[in-house]
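Worksheet: one structure, shown below.
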Amino acid sequence: MGERRKSRELALKVLYQMEHGDAPAEEALASFADNFAAPARLWDYARELVMGISERALDIDQALAAASRRWRVERMDRVDRNILRLACFEMLFASDPVPPKVAINEAVELAKRYGADESPAFINAVLDSLMVARG
């Protein structure tokens with residue numbers, strides 16, 4: 001498994017923890033890093049993702065809401081919602097954007113590992129819709 005994928009997994013876990021405990025991004029990252037060992041290079045990208053998603057949360061959720069007309073973001077499964085936020089941030093808001101095909105593939109792989117049975121198809125559909133809407 002590539003380092004970026006491992007960093008995405010760390011970021012997903014931190015984002016999920018943030019939703020359960022309402023901890024700010026820095027606090028959640030520090031708490032998670034204290035309890036789960038990982039090389040610093042993995043935490044660097046995970047931190048970039050978590051902080052970026054935290055800073056652009058409103059923009060990300062608005063983009064996802066527009067792409068998923070049938071599902072309100074706040075009603076999505078927490079794992080799915082945070083996987084979508086990761087991919088959306090990487091594609092649209094990161095300082096060095098990830099190509100959509102790569103971001104979507106990585107999101108689907110995360111959904112296969114951490115989501116429900118229907119999560120990969122749902123993630124793929126929402127992100128495809130997001131990219132079509134963005135042109």
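The values are calculated or read from the model by the stated rules, or taken from the named source; none is laboratory data. In this text the structure is predicted, and so the values were computed from the model without any measurement. Ideal geometry is used to build each Cβ from the backbone, glycine not excepted, and the neighbour counts take in all protein chains shown. We work out accessible area using only protein heavy atoms, side chains counted, and drop any ligands, DNA or RNA first. Shrake-Rupley method; radii C 1.70, N 1.55, O 1.52, S 1.80 Å.
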Cβ pairs under 6 Å, 6+ apart, first in the range 67-78 and touching a residue at least 60 places away in the same chain (Cβ under 8 Å), second of a type outside the set (Ser, Thr, Tyr): ALA67/VAL126; ALA67/LEU130; ALA67/ALA133; SER68/VAL126; ARG78/GLU19
Pick from the range 55-80, criterion surrounded by 13 or more Cβ atoms within 10 Å (Cβ to Cβ) and among the acidic types (Asp, Glu), ranking: nearest to the chain's Cα centre (by Cα): ASP80
Within the range 9-34, residues more than 23 Å from GLY115 (Cα to Cα) and open to solvent by 90 Å² or more (accessible area, probe 1.4 Å) come out as GLU26, GLU27, ASP34
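Going by the structure shown, is LEU58 closer than 27 Å to LEU130 by Cβ and out of contact with any helix residue (DSSP H, G or I) (no Cβ under 6 Å at 6 or more places or on another chain)? Lay out the reasoning, then the answer.
On the way: closer than 27 Å to LEU130 by Cβ: yes; out of contact with any helix residue (DSSP H, G or I) (no Cβ under 6 Å at 6 or more places or on another chain): yes.
Considered against the rule, which asks whether it is closer than 27 Å to LEU130 by Cβ and out of contact with any helix residue (DSSP H, G or I) (no Cβ under 6 Å at 6 or more places or on another chain), LEU58 comes out as yes.
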Scan the range 50-101 for residues that are within 14 Å of ILE123 (Cβ to Cβ) and either aliphatic (A, V, I, L, M) or in contact with a strand residue (DSSP E or B) (Cβ under 8 Å, 6 or more places away or on another chain) (or both) and jot them down. LEU64, ALA67, VAL73, MET76, VAL79, ILE83, LEU84, LEU86, ALA87, MET91
